[in-house]
């Protein structure tokens, strides 16, 4: 495939807002996980965004949710490349292709609680402007002036990874010249209760690939990237693999067959070999099943020597935002020449037969595979490369 | 705006009209019929897991694939839905806030937007691409554009299916309500020998003066669905229409298709 040029990207997570705060935490092995800001009747750590989010303009007040304000924060971070893109491309040729899993569920669950307790929704609650997948798209269109095709991918934890593939195809098909891609998600009670019902939450901060790992820590945040037909690329998306396990709605294939196929497809699309890969940003949720299956898949596709890190130990699993956020971390590894240490309590599981570096690694990293897997057996692997 | 592609298969489910043929013949089921979708594309286990909307999607996908003679193992499926499994979400919220019961893991896993596409890929043993997207009233246009992007990059055929369950009335007190509807088309590269029609998706604009193809004569409940545009497309192709058809009924950004009948 023709590489997709990433000309700017932004990050928001439990580690903070913007590049510097993320670099500081990732280089120093400092997790953003902590107590849940949402009251729960069970123990779990979460990756909550603690920075002040910008308000929307007054005329957009009806759309103002935590999710929409996260979008505004992420857009502000790519303001400069976006301004250049708007000078270069017509607004109807710049698409908005984002991913989310929960959309406005955080707002709706609070409103619904009022409805249950008092018989009516809060006066300012508006399902169509605050809950639907299209609500954030409206906000992003309004804030950017970009009027190209816009939609949300919602394939659970691969959602934002899909947006890179769609943008690449649409640029190649000459439907668009550029796109704002990525994704975002917020913490909500329903998600936390749901993963708890699946017994998939760790009671302490998640420990991907560790012997004592026992589940996920849920996080929130997002990452946006500006991708263009031509321009000064900071990194390239050189290959993308999109596959399905066709196995189970919520459990990964035990041998990671779908994950293997996604990684192989990404390599093939880029015309690269396993030995060309310098690092894997693993999906690495911290569940026993996922980490075992993924490590097996990585071993079979790439061998045992490629350093693999799950940055979910820093941010928690940001669900629909995870693929984009981890693409941004992969880009940082390439641009800054470092791999964050794999953090988490306990020793690395001896049954995990891939390289998990627990110390900061510096050097030259030209190609990073970033994996994301989801409910529904949906898999995306992005091959992020130096330009 | 977009590349010209062929439509080679159609699928439709409306309560009362279980498939596109029944709609074309205006062969409505009797009022005492349960009018529920069968979920034809699903295996038995996943049919039970699928919501009513998921089953309607399964019916449309099965019908459209059979008509186009494409196989479920390799053909990508794009599922478009405005609010997806919102009823499952409401069920979870009710359990959580009203009954304060522990959440059902089974309901939680199928409350995600891509539940139907995931269950379809499992049932059809499709290990390739699948996705689920949403764009409110522009979902039909988005679904077609995603499909056209795939075709332009070498895919042989793609199923675009759009569906929404009946609107959650408690959440949409002030907005127009709609009934469940699902509609599907199979897209293939232009010139396909079994083409029913060819189409391009045109740029969006709010004025509707250039629309020359009338939308389907659906009851108001279906016409209000965010997915009505996809059902209008199925209906227009069945009627052998050529011209410009709106992909929304005035609630979206104004995407339209230019349609050339091949019948």
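Overview of values
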| item | result |
| --- | --- |
| Checklist (1) assigned to a strand (DSSP E or B); (2) within 15 Å of the chain's Cα centre (by Cα) applied to residue B:201, failing item | (2) |
| Residue B:38 being crowded, with 24+ Cβ neighbours inside 10 Å and either in contact with a helix residue (DSSP H, G or I) (Cβ under 7 Å, 6 or more places away or on another chain) or closer than 28 Å to residue A:165 by Cβ (or both) | no |
| Restricting the range B:115-128 to residues that are crowded, with 24+ Cβ neighbours inside 10 Å and touching a strand residue (DSSP E or B) at 6+ places or on another chain (Cβ under 7 Å), the residue that is nearest to the other protein chains (Cβ to nearest Cβ) | B:118 |
| Residues of the range A:8-53 that turn out to be assigned to a loop (DSSP other than H, G, I, E, B) and within 30 Å of residue B:97 (Cβ to Cβ), as a count | 18 |
| Any hit, the range A:134-142, residues being in contact with a strand residue (DSSP E or B) (Cβ under 6 Å, 6 or more places away or on another chain), over 27 Å from residue B:202 (Cβ atoms), crowded, with 21+ Cβ neighbours inside 10 Å and at pLDDT 95 or above | no |
| In the range A:337-387, the residues that are assigned to a strand (DSSP E or B) and within 14 Å of chain B (Cβ to nearest Cβ) | A:372, A:373, A:374, A:378, A:379, A:380, A:381 |
| Residue match in the range A:217-235 (condition: closer than 30 Å to residue B:48 by Cβ, buried (at least 24 other Cβ atoms within 10 Å of the Cβ) and within 14 Å of chain B (Cβ to nearest Cβ)) | yes |
| Counted residues, the range A:144-188 - those being more than 7 Å from chain B (Cβ to nearest Cβ) and either touching a helix residue (DSSP H, G or I) at 6+ places or on another chain (Cβ under 6 Å) or within 24 Å of residue B:155 (Cα to Cα) (or both) | 27 |
| Test: residue in the range B:134-149 that is more than 17 Å from the chain's Cα centre (by Cα), crowded, with 24+ Cβ neighbours inside 10 Å and either at the interface with another protein chain (Cβ under 8 Å from one of its Cβ atoms) or not in a loop (DSSP other than H, G, I, E, B) (or both) | yes |
| Subset of the range B:150-175 (residues that are under 19 Å from residue A:241 (Cβ atoms), more than 10 Å from chain A (Cβ to nearest Cβ) and not in a strand (DSSP E or B)) | B:156 |
| Considering residues of the range B:176-198 that are within 14 Å of another protein chain (Cβ to nearest Cβ), within 20 Å of the chain's Cα centre (by Cα) and not in a strand (DSSP E or B) only, the residue surrounded by the most Cβ atoms within 10 Å (Cβ to Cβ) | B:178 |
| Out of B:55, B:47, sole residue that is more than 9 Å from chain A (Cβ to nearest Cβ), buried (at least 21 other Cβ atoms within 10 Å of the Cβ) and either at pLDDT below 95 or out of contact with any strand residue (DSSP E or B) (no Cβ under 6 Å at 6 or more places or on another chain) (or both) | B:55 |
| Complete set of residues in the range B:72-114 that are over 18 Å from residue A:198 (Cβ atoms), free of Cβ contacts under 8 Å to residues at least 40 places away in the same chain and at the interface with chain A (Cβ under 9 Å from one of its Cβ atoms) | B:94, B:97, B:98 |
| Pairs where the first residue, in the range A:76-104, is away from every other protein chain (no Cβ under 11 Å) and part of a strand (DSSP E or B) and the second is buried (at least 24 other Cβ atoms within 10 Å of the Cβ) and at pLDDT 95 or above, C-beta under 6 Å, 6+ apart | A:94/A:146; A:94/A:148; A:94/A:178 |
| Boolean, residue B:34 is facing another protein chain (nearest Cβ under 10 Å) and free of Cβ contacts under 8 Å to residues at least 40 places away in the same chain | no |
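The values are calculated or read from the model by the stated rules, or taken from the named source; none is laboratory data. Computed from a predicted model, the values in this text were never measured in an experiment. Positions of Cβ are backbone-derived with ideal geometry, glycine not excepted, and every protein chain shown enters the neighbour counts.
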